[in-house]
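Inspection log for the structure reproduced underneath, given as structure tokens.
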Amino acid sequence: MAENKTQPTDVPVEDFLAAVEHPTRRADGLELMDLMGEITGQKAYMYGPTIVGFGSYHYKYATGREGDSPAVAFSPRKSNLVFYGLTEGPDADRLLPELGKHKTSTACLYINKLDDVDRAVLAELIRSGYHHTMSEIHNPA
């Protein structure tokens, strides 16, 4: 089976964020690095070339494919901020309507900038998503 393309890297997160061209995305990325680190108690690390991850869990699919992934993460893309692991926690359905301007897909949350959302609600989504991943997925009963 082929190795997963996206892997943790040794690139310093601060260097990656400093190189983000869009000034608002760069500032939001730095704020998110601090916020997510504080909430998770984990040090930020680069996962692939553009994803800033916190915590890690091992997954294995029925197909036999397996790997490691961040418990929660974000990526400051050109068009928006993308969040991973925030929409699957038990509180997501209750919190997302209170968040502010956002979009979701199957597993991602998209916002244009932090000023578009309620930071307290975002913090709760991060906390809920992280705890869900680390307890329910990583350490199932």
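The values are calculated or read from the model by the stated rules, or taken from the named source; none is laboratory data. A quick note: this is a predicted structure, and the numbers were derived from the prediction, not measured. Reconstructed Cβ throughout: ideal geometry from the backbone, glycine too, with neighbour counts over all protein chains shown.
Scan the stretch 108-124 and give yes if some residue there is within 15 Å of residue 69 (Cβ to Cβ) and either at pLDDT below 95 or surrounded by fewer than 18 Cβ atoms within 10 Å (Cβ to Cβ) (or both), otherwise no. Walk me through how you get there before you give the answer.
First, pick out the residues of the stretch 108-124 that are within 15 Å of residue 69 (Cβ to Cβ): 108.
So of that shortlist, the ones also either at pLDDT below 95 or surrounded by fewer than 18 Cβ atoms within 10 Å (Cβ to Cβ) (or both) come out as 108.
Yes, the stretch 108-124 has at least one match.
When you scan the stretch 38-48, do you find a residue that is in a helix (DSSP H, G or I), among the polar types (S, T, N, Q) and closer than 22 Å to residue 27 by Cα, even just one?
Step one: of the stretch 38-48, the residues in a helix (DSSP H, G or I) are 38-40.
Retained after the next criterion (residues that are among the polar types (S, T, N, Q)): 40.
If we keep only those that are closer than 22 Å to residue 27 by Cα too, we end up with 40.
Yes, some residue in the stretch 38-48 is in a helix (DSSP H, G or I), among the polar types (S, T, N, Q) and closer than 22 Å to residue 27 by Cα.
Have a look at 20, 82 and point out the one that is among the aliphatic types (A, V, I, L, M), more than 13 Å from the chain's Cα centre (by Cα) and over 16 Å from residue 133 (Cβ atoms). If you could, list the steps in order and put the result at the bottom.
On the way: 82 fails: more than 13 Å from the chain's Cα centre (by Cα).
After applying the criteria, what remains is 20.
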